[in-house]
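Here, each number is a calculation from the coordinates, and none is a lab measurement. This is a predicted model, so every value here is computed, not measured. When we count neighbours, we look across all protein chains shown, and the Cβ atoms used for this are built from the backbone with ideal geometry, even at glycine.
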Amino acid sequence: MLAALKRWALKKSPWVYHVNTGACNNCDIEILDCLTPRFDVERFGILLAPSPRHADVLLVTGGVTLQARGALQEVYRQTAKPCAMLCIGSCACSMCIFADGYHMAGPPDKVVREVDPDAFIAYVPGCPPKPEAIILGAVKALGAL
Amino acid sequence: MKRTVVPIGPFHPILEEPLRFELHVEGEHVVDADVRISHNHRGMEKMCEGLSYDQIPFLLARVCGICSASHPMAFCNALEDLCGCEVPPRAQYIRTLICELERLHSHLLWVGLAGHFIGYNTVYMWAWKYREPILDLFEKVSGSRNHYENHRVGGVRRDIPDEVFPAIRKTLDELEPKAEMLLGAVIDDPVIHARTKGVGVLRNVDAVAYGVTGPTARGSGVNQDIRDTEPYAAYDKVDWKVVVQPEGDVFAKAAVRLLENFESIKIIRQCLDQIEPGPICADVRELPEGEGIGHAEAPRGETFHYVRSDGTNRPVRYKVRAPTFVNVPSFKANVIGAELADAMLIVAAMDPCYSCTQRMSLIRDDTRQQSVITHDELLQLSWAKTERIRRQC
């Protein structure tokens, strides 16, 4: 009952926290682009949260580097559960061009599943995905919750 | 006075990329600073050694999403230095055009973020709104809003169809008054003057000693621009001037970027006038053994690439030096003595792009207990100061 209530509440005005774990910056800029006048996702109550503790949705960009691995897991632990995670961009979905890098720990879904095997993870592929795709991804993820 | 260490990062909500700053503060004033990078280190130089020369530009565009024309540009310069091939004029102009459009969108992006840092979210929204038409142009010209993938050794991958030229002109005509409006909004505003003039001064001698590049150097009176000193692409065929401001403070750096927007518009217009039909790529069959170096002026400063070839289709060694790598240490020269509320603004003024900069470092310091002030609290401090000044004005 309480869990169902929490999931229902999560869909309204989701606050997002943005983590760059090894991206080239482009997905991050497209995320910020979503917040600026042309796309303006604030219309739907989506806001960038200043701390993972306030976040309903974690936006992860880039494959995870060895150095960022612990930090991502820590950020995920700090989020209030239930928390959806959105892997944005090809690197975050599958490592893509960086799959062979010697300093990569793996894609973010794998890294987060190490601490929470039941994590709710959605994927938005593209290099970088267009803001429209990010918005569609967020809508579909929230619909599936 | 008691000294406190203020850690910022590695993840903070607005500056996009992971980086850790440690500010040592006494009261309100910063007395020492330390920078830790490498959260974003992806081992690109090593990965380049496993790719063929035709594949490398795709990887290098992903060194940094904002400079995704400058890094492949420097790569092409390095390879063309190595093999000594002639690039067709049409390709030169297309390269120049892409690089300048990139500079425009990057500088507008910076103006927006800088506005956000001092609590002027209106400037942030404006600047990003005016940036959108440029991204639309990129989509028309190259098929993608951010990764253009246009450069290759010997020329460019895709031609710009002539029917796109009027659209480019129209966008520039619409952008110019908006850029003037932004310039006016910054130059005439007493609050912005109070927040940025005399703040984070990087003296000319320090700029030279730290070897900073790009708008960070030109804001300190160093007349240095690779497009001018070692012209590549078509920069020697168009008329433009290097924007230099002598003061070295945050205001001067902002002024350099805002004025450079007009130079970029000027360059693009001349490219559109001068470009003529012709081939877009030279036929490069073989690369000799040897070394090549290439520079390019990215929006943030000089990008330097080095390649060593053994005559095969893969490099033996590839080296990238991104502009932020030399700009970040200058933080130490201009943040010391500044107020804590100004610290974020001073960092932002050099337009750091950490993705480019990530090197390996072996410092691990996760266990030390420190008093924590978050990036958000720093932002609040900065906004409160603007509010205070606004009330006094």
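A few notes on this one:
- Most mobile of B:254, B:343, B:282 in a GNM of chain B (Cα contacts under 10 Å): B:282
- Exceeding the 25 Å Cα-Cα cut-off - candidates B:253/B:385; B:253/B:319; A:110/B:129; A:11/B:129; B:140/B:241; A:81/B:129: B:253/B:319; A:110/B:129; A:11/B:129; B:140/B:241; A:81/B:129
- Note on B:124-132: average number of Cβ atoms from other chains within 10 Å of each residue's Cβ is 4.
- DSSP bridge pairs, the protein assembly as shown: antiparallel proportion in percent, nearest 5: 65
- Computed over the protein assembly as shown, the per-residue total of -39500 (n - 2.57) for DSSP H runs of n ≥ 4 gives a 222 nm mean residue ellipticity of -14000 deg cm²/dmol, rounded to 500.
- Simple point charges give the picture: +1 on the Cβ of Lys and Arg, -1 on the Cβ of Asp and Glu, and for the range B:257-362 a dipole about the Cα centre of about 380 debye.
- R0 of 45 Å, Cβ-Cβ distance residue A:139-residue B:46: FRET efficiency to nearest 0.05: 0.70
- Label separation (residue B:55 vs residue B:262): 4.7 nm, computed from points 7 Å beyond Cα along the C-beta direction.
- Positive-pole candidate from A:5, A:71, A:26, dipole of chain A, charges at beta carbon: A:5
- For the range B:180-228, the dipole from Cβ point charges (+1 on Lys and Arg, -1 on Asp and Glu) about the Cα centre works out to 200 debye, to the nearest 20.
- Its Cα centre serving as origin, the range A:3-138 has a Cβ charge dipole (Lys and Arg +1, Asp and Glu -1) of approximately 440 debye.
- FRET efficiency, residue B:389 to residue A:1 (Cβ-Cβ, R0 35 Å, nearest 0.05): 0.10
- Taking Cα atoms only, the orientation of helix B:250-274 departs from the longest principal axis of chain B by about 20 degrees.
- Computing FRET efficiency as 1/(1 + (r/R0)^6) for residue A:74 and residue B:5, where r is the C-beta to C-beta distance and R0 is 22 Å, gives about 0.70.
- The mean sequence distance of close C-alpha pairs (under 8 Å, at least 6 residues apart), as a share of the length of chain A, puts its relative contact order at 26 percent.
- Shielding of peptide A:14-24 by partners, expressed as the average count of other chain Cβ atoms within 10 Å per residue Cβ, is 6.
- For chain B, the relative contact order comes to 27 percent (Cα pairs under 8 Å, sequence separation of at least 6).
- With a simple spin-label model that places each label point 7 Å from the Cα along the Cα-to-Cβ direction, the separation between residue B:203 and residue B:276 comes to 5.2 nm.
- Residue by residue along B:42-51, Cβ atoms of other protein chains within 10 Å of the local Cβ number 4 on average.
- The angle between the Cα long axis of helix B:121-142 and the longest principal axis of the Cα atoms of chain B comes to about 10 degrees, rounded to the nearest 10.
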